Amino acid sequence: MILPEDGCLLRIFIGESDRHDGKPLSEWLIRQAREQGLAGATVLRGIQGFGAHSRLHAAKIMRLSADLPIIIEIVDTTEKIEAFLPLVDENVQEGLATVEKVRIRLYRHGDRMDPEQDS
């Protein structure tokens, strides 16, 4: 897949405990992005944060489970991100979604030969 230089970054901020049909919402969103053919997505787990309710969520050594912040980043063309947004709007009950323009410098597949493997 070749992406144009001008792209779009969608960031979705949710909580680790957020679910969709009993599964983690972040996992469900990533699967949906993949099924819709978006270029790439990454899930990041935060160590601390707060949202609209101003509840502080933090990783503590003594706590076994926590509702830590999760950020899902998805990059593709503006058109594909805009087409994905209604699904986000319908399924993210609490959270934040932001969209920004990005300049795509490269998007490569791992099929290129590794020079160190030639030896």
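The values are calculated or read from the model by the stated rules, or taken from the named source; none is laboratory data. This structure is a prediction, so every number in the text was calculated from the model and none was measured. In this analysis, Cβ positions are derived from the backbone assuming ideal geometry, glycine residues included, and neighbour counts consider all displayed protein chains.
In the stretch 2-25, the residues that are in contact (Cβ under 8 Å) with a residue 24 or more places away in the chain form Cβ pairs under 7 Å with partners that are polar (S, T, N, Q), at six or more places apart or across chains, as follows: 3/77; 4/77; 7/77; 8/77; 8/78; 11/98; 14/26; 20/91. When the residues of the stretch 1-18 are filtered to those that are in contact with a Leu (Cβ under 6 Å, 6 or more places away or on another chain) and not aliphatic (A, V, I, L, M), the one that is nearest to residue 103 (Cα to Cα) is 13. The requirement of being exposed (fewer than 13 other Cβ atoms within 10 Å of the Cβ) and either over 15 Å from residue 74 (Cα atoms) or at pLDDT below 95 (or both) is not satisfied by residue 16. If you go through the stretch 71-90 and keep only what is more than 14 Å from the chain's Cα centre (by Cα) and not acidic (Asp, Glu), you end up with 77, 78, 80, 83, 86. With respect to being surrounded by 11 or more Cβ atoms within 10 Å (Cβ to Cβ), of a type in the set (S, T, N, Q) and at pLDDT below 95, residue 54 falls outside the description.
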